[in-house]
Amino acid sequence: MNEARPHGAGAGAAPAPVTVLAGPTAVGKGTISAAIREQYPQIRLSVSATTRPPRPGEVDGVHYLFVSEEEFTHLVESGQMLEWAVVHGRHRYGTPRGPVEEAVGQGHPVLLEIDLAGARQVRESLPEARFVFLAPPDWETLVDRLVGRGTEDAEERSRRLETARRELAAESEFDVTIVNDEVPRATAELAALLGVRDLT
Ligand code: 5GP
């Protein structure tokens, strides 16, 4: 069985008020955060603002705050974003500062599921946060998930693999690694890091 691998200054046992979950593309961050949302209502999952359009089933204010380019620019320029980034070279995503500060003030554990560029910004602005890297069980699993459908051409395939290599190399910047071998186990491990146990 995999255990969280601690490897940094913030890796001690006491939960931090804010936990950042990041990791390579296609490692399953979205799946883990969805499981946290369903199973651990005590954990406040930060609702990101994004300029990308909603997908079917996504609810404004629950999965994301879907905003226009102008609204996003206003949030950034008025200092209301804790961090933000352009993800996959397309849409902007960012963490509104207010709800995070409010939840921390009320004593709730807060989870941010963001990309690596965003995590690096939080490292600067909120160094007391704990940084958790979600890792694939092995390289082949990540490759399968990235290019598994085989619908991309050779150039796109090698571009994705190069990105994955670079993203995996970021693990050492993080306090703790959780291996996403099985979603329920990895989810429980993350919740435990936030100081929350399953009530069932
Ligand atoms: P999707 O569009 O599939 O929901 O998310 C794409 C990527 O955006 C994911 O890797 C996710 O981690 C990242 N992301 C979601 N919200 C934020 C955010 O608030 N800030 C940053 N930097 N990345 C985010």
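Some values worked out for this structure:
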{"quantity": "Column: log10 I(q)/I(0), Debye, Cα scatterers of the range 47-108, q = 0.13, 0.15, 0.16, 0.18 Å⁻¹", "calculated": "-0.35, -0.46, -0.52, -0.64"}
{"quantity": "Alpha-carbon Debye profile of the range 141-200, log10 I(q)/I(0) at 0.24 Å⁻¹", "calculated": "-1.00"}
{"quantity": "In the range 15-96, the trypsin sites (Lys or Arg not before Pro) that fall in loop regions by DSSP, at most 15 other Cβ within 10 Å", "calculated": "R90"}
{"quantity": "The range 17-104: relative contact order as a whole-number percent, Cα under 8 Å and 6+ apart", "calculated": "26 percent"}
{"quantity": "S78, S48 arranged by Cβ crowding within 10 Å, fewest neighbours leading", "calculated": "S78, S48"}
{"quantity": "Whole-Å semi-axes of the ellipsoid equivalent to the range 45-200 (Cα gyration tensor, √5λ, descending)", "calculated": "26, 22, 16"}
{"quantity": "DSSP bridge orientation in the chain - percent antiparallel, rounded to nearest 5", "calculated": "35 percent"}
{"quantity": "Within the chain, helix-based [θ] at 222 nm, where runs of 4 or more DSSP H residues each add -39,500 (n - 2.57), nearest 500", "calculated": "-11000 deg cm²/dmol"}
{"quantity": "Over the range 52-200, relative contact order from alpha-carbon pairs under 8 Å, at least 6 apart, %", "calculated": "17 percent"}
{"quantity": "Given 16 as the ceiling on other Cβ atoms within 10 Å, longest exposed-site-free region of the chain for GluC sites (Glu not before Pro) in DSSP loops", "calculated": "59-127"}
{"quantity": "Cα-centre dipole for the range 47-108 with unit charges at Cβ (Lys and Arg positive, Asp and Glu negative), debye to 20", "calculated": "260 debye"}
{"quantity": "Over the range 72-157: Kirkwood hydrodynamic radius from C-alpha pairwise inverse distances, Å", "calculated": "15.4 Å"}
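We did not get these values from a lab; they are worked out from the coordinates using the rules stated. As the structure is a prediction and not an experimental result, all values here were calculated from the model. A quick note on method: Cβ atoms are made from the backbone with ideal geometry, for glycine too, and the neighbour counts reach across all protein chains shown.
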